[in-house]
Amino acid sequence: MARGLLIAYAFTSACASSPWHWRWRATQDHEPDLSHAQQYGKKVNASALLRVTFEDARRAFKRLDTKYLLIYGTALGFHRSGDFIPWDYDVDVGVFFEDLPPHDVLQRGMARFGLTPFSAGRSDPYSWRCDFRSYPILYQYVHETGFRVDLYVLHRNAGEVWDYSPAHRYRGQAVSSMGCALPDAPLETVTDRLTGRRFLSAPEAWLPGIYGDD
């Protein structure tokens, strides 16, 4: 309880400035570098390469003994068709703050499976810095396929799940440095239509509030 109150205070206290927005704009609208994709076949198939990328991320989380869930566009694809969205170029996963491994352990674990920090020269996550403390928000990794893994750090607070990145908004909430609040609904499972595997996922009820009913 005390930890939750501390997090709530840190994120809602008056922080006049943050480098977050500048860094976020610098990495948005990334198109994958497919220069290494030839080893997976001459014909580039985005869904196939996303599967390779996700499989290595899945293996990394398993080795790290870290509970993760599919979220955002990846959850949308699996809820609606049991597969990745064909035109997508990243894998979206979420990890709750309390389940997140220590930073150095996480980075070594991801690197072991070919996932390196997306931004050259920096391995720290995107963070909200406030009251002399840093709270992780988003880790971005690039795989050898050229496709990206976005790891959103989720925080539970007062009956809601908060994503403090400005990447998404829920039911008309303004995109802002405070991110968006999602209802703290039970997580669900989705089935991969090709392999039959089942994965933990964000609730389907979240998706219309983010992407619309269509």
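The values are calculated or read from the model by the stated rules, or taken from the named source; none is laboratory data. Just so it is clear, the model here is predicted, and its values are computed rather than measured. Neighbour counts are summed over all protein chains in view; Cβ atoms, including those assigned to glycine, are modelled from backbone coordinates with ideal geometry. For accessibility, only protein heavy atoms count, side chains too; no ligands or nucleic acids. Shrake-Rupley method; radii C 1.70, N 1.55, O 1.52, S 1.80 Å.
The set of residues in segment 155-214 being assigned to a loop (DSSP other than H, G, I, E, B), open to solvent by less than 30 Å² (accessible area, probe 1.4 Å) and modelled with pLDDT of 90 or more consists of ASP192, ALA202, PRO203. Given the structure, is ALA37 at pLDDT below 85, closer than 23 Å to LEU194 by Cα and crowded, with 16+ Cβ neighbours inside 10 Å? It is true that ALA37 is at pLDDT below 85, closer than 23 Å to LEU194 by Cα and crowded, with 16+ Cβ neighbours inside 10 Å. For PHE84, the stated conditions do not hold, so it cannot be described as within 22 Å of ARG193 (Cα to Cα), open to solvent by less than 30 Å² (accessible area, probe 1.4 Å) and assigned to a helix (DSSP H, G or I).
Can you tell me which residues in segment 62-72 are closer than 18 Å to HIS143 by Cα and open to solvent by less than 10 Å² (accessible area, probe 1.4 Å)? Listed by number, the list holds a single entry, LEU70.
GLY94: within 18 Å of ARG156 (Cβ to Cβ), open to solvent by less than 40 Å² (accessible area, probe 1.4 Å) and touching a residue at least 24 places away in the same chain (Cβ under 8 Å), yes or no? Yes.
Candidates are the residues of segment 113-126 that are in a strand (DSSP E or B) and buried (at least 19 other Cβ atoms within 10 Å of the Cβ); the one that is modelled with the lowest pLDDT is TYR126.
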